[in-house]
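Participant: Sharing a structure with you now.
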Amino acid sequence: MIRWGVLGTAKIAREAFVPAVQASHNGHLQAIASRSHGNAAAWAERYGFSRTFDDYDALLNSPDIDAVYIPLPTSHHVEWTLKAIEAGKHVLCEKPIALEASAVDALIDARDRSGLVVSEAFMVTYHPQWLKVRELIASGAIGTLRQVQGSFAYHLTDPGNMRNRMDLGGGGLLDIGVYPIVATRFVTGLEPARVQASVSRDAEFGTDIHASCRLDFGTFELSFYCATQLATRQGMVFHGDQGWIDVPAPFNAERYDATDIILHNQNNSASQTWQFRKQDQYQLQVEAFGDRITGVDTALFSLEDSRANQQVIDNLFASERQNGTWV
């Protein structure tokens, strides 16, 4: 059993990671650290953590922890991932793992020197619905892919929330814009040659609250928007010359909508549906990560993939700075 330590009591840890470890076949909730007095003890009582710490460093230095999960604000990800590696811990860090692509280089170097398992928590790449989409595209089920469309939006105006704070790495592109990009790269195995973005920012927060983006992959284009002050919505469509694939709940599978993959042919006279019920992508991620630690050759989202995905985000911000020109 992989003995997990968690840095902080973030909502994503409470709602996704903790239940995933509890349901996994190879994970145990060993320790929780919180700098807020009493939070760690409350979590230990509620979720069954074996140990508590009031200091992140103390948790990292504990010899009875194998792996660390980092759900801290984005601005702290690189710092604490490096500290965890230096302490000899395997690391699963929430996305985005860095604020810019170049910062991932230090993580790659630290991983390679240590031999530890380090991965960014892109849980969608472990969900069987995305494995099926990748299989359908590769098999030619929709012919030649020409157009991908995506959306991801929620409504959040709380000024104290880290997603609305520039100093903590807030904003829509870093929080949710990463998903249409990583999903498209994952199912096609391709990288965009150039990108373009039109971005709107909140007058008070300074964070990007709406981004309309185009990514030119050469043989097809991804167009998507992400927003932090629109009604909740998400979806992905992959359109080829012989058919199209609809993914109604691409990122928050089952929590947002039914997890179905719908394949339509070119004349829309028939369709096929694959259903993926009760598949917890967070649990699948935790189990794959644990398996890799124990020597199983299982696929993980690599830091090299993290760097490539972050480079796309960097280029979209560069396009914003250049008044929406192609980068």
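Rule-based calculations on the coordinates, nothing more; no lab input. None of these values were measured; they are calculated from a predicted model. So basically every Cβ, Gly included, is an ideal-geometry build from the backbone, and we count neighbours across all protein chains shown.
Participant: Tally the DSSP beta bridges in the range 89-217 and give the antiparallel ones as a percent, rounded to 5.
Facilitator: Here the share of antiparallel DSSP bridges comes out near 75 percent.
Participant: Over what distance in Å are the Cα centres of the range 249-314 and the range 62-130 separated?
Facilitator: What the calculation gives is 19 Å, centre to centre.
Participant: Moving on to the next point. Sort MET162, MET123, MET1 so the one with the fewest other Cβ atoms within 10 Å of its own Cβ comes first.
Facilitator: Listing MET162, MET123, MET1 from fewest to most nearby Cβ atoms yields MET1, MET162, MET123.
Participant: Hey, what do the phi angles of the range 134-148 turn into as Karplus ³J(HN,Hα) couplings, whole Hz, using 6.51/-1.76/1.60 and θ = phi - 60°, x for Gly and Pro?
Facilitator: Couplings: 4, 5, 5, 5, 5, 7, x, 4, 10, x, 8, 5, 10, 8, 10 Hz.
Participant: Hey, any idea what Rg/Rh is for the range 124-279, computing Rh the Kirkwood way over Cα pairs? Please list the in-between numbers first.
Facilitator: Working: Rg = 16.3 Å, Rh = 16.2 Å.
Ratio value, two decimals: 1.00.
Participant: Treating the beta-carbon of each Lys and Arg as +1 and of each Asp and Glu as -1, no other charges, what is the dipole magnitude of the range 171-279 about its Cα centre, to the nearest 20 debye?
Facilitator: Working: 8 positive and 12 negative charges, 35 e Å.
Charge dipole, the range 171-279, about its Cα centre: 160 debye, nearest 20.
Participant: A further question on this structure: Sort out the exposed loop trypsin sites (Lys or Arg not before Pro) in the chain (DSSP loop, at most 14 other Cβ within 10 Å) and tell me the longest stretch that has none.
Facilitator: 36-254
Participant: Residues with amide H under 5 Å of LEU156's amide H, sequence separation 5 or more or different chain, H placed in the peptide plane at 1.01 Å from N; which?
Facilitator: Those lying under 5 Å, H to H, from LEU156 are GLN229, LEU230.
Participant: Pull out a ≥ b ≥ c, the square roots of the eigenvalues of the alpha-carbon gyration tensor of the range 1-103, then state rounded if a/c is under 1.5, prolate if not and a/b is larger than b/c, and oblate in the remaining case. Please report the intermediate quantities before stating the final value.
Facilitator: Details: a/c = 1.43, a/b = 1.41, b/c = 1.01.
It comes out rounded by the Cα gyration axes.
Participant: Diagonalise the Cα gyration tensor of the chain and give the resulting equivalent ellipsoid semi-axes, square root of 5 times each eigenvalue, largest first, whole Å.
Facilitator: So the equivalent ellipsoid measures 33, 23, 19 Å along its semi-axes.
Participant: Would you mind calculating the relative contact order of the chain from Cα pairs under 8 angstrom and at least 6 residues apart, reporting the percent as a whole number?
Facilitator: 19 percent
Participant: For the residues HIS25, HIS90, HIS264, what sequence is obtained by ranking on other C-beta atoms within 10 Å, fewest first?
Facilitator: In increasing order of surrounding Cβ atoms, one gets HIS25, HIS264, HIS90.
Participant: Rounded to whole Hz and in sequence order, give me ³J(HN,Hα) for the range 157-164 from the Karplus expression 6.51 cos²θ - 1.76 cosθ + 1.60, θ = phi - 60°, writing x for Gly and Pro.
Facilitator: Ordered by residue, 3J(HN,Hα) equals 10, 5, x, x, 5, 4, 6, 10 Hz.
Participant: Under 11 Å from a label point 7 Å along Cα→Cβ of GLN322: give me every residue in the range 176-207 with its amide N that close.
Facilitator: 194-197
Participant: Taking a cut-off of 27 Å between Cα atoms, list the lysines near LYS278, but don't count ones fewer than 8 places away on the same chain.
Facilitator: LYS11, LYS95, LYS132
Participant: Amide H of ARG201: which non-local residues (sequence gap of 5 or more, or other chain) have their own amide H closer than 5 Å, using H built in the peptide plane?
Facilitator: ILE209
Participant: Going by how many other beta carbons lie within 10 Å of each one, how would you line up SER223, SER139, fewest first?
Facilitator: The most exposed by this proxy come first: SER139, SER223.
Participant: Quick one: which residues, 5+ away or cross-chain, put their amide H under 5 Å from the amide H of GLY27? H built at 1.01 Å from N.
Facilitator: Close amide H contacts, sequence-distant or interchain: ILE2.
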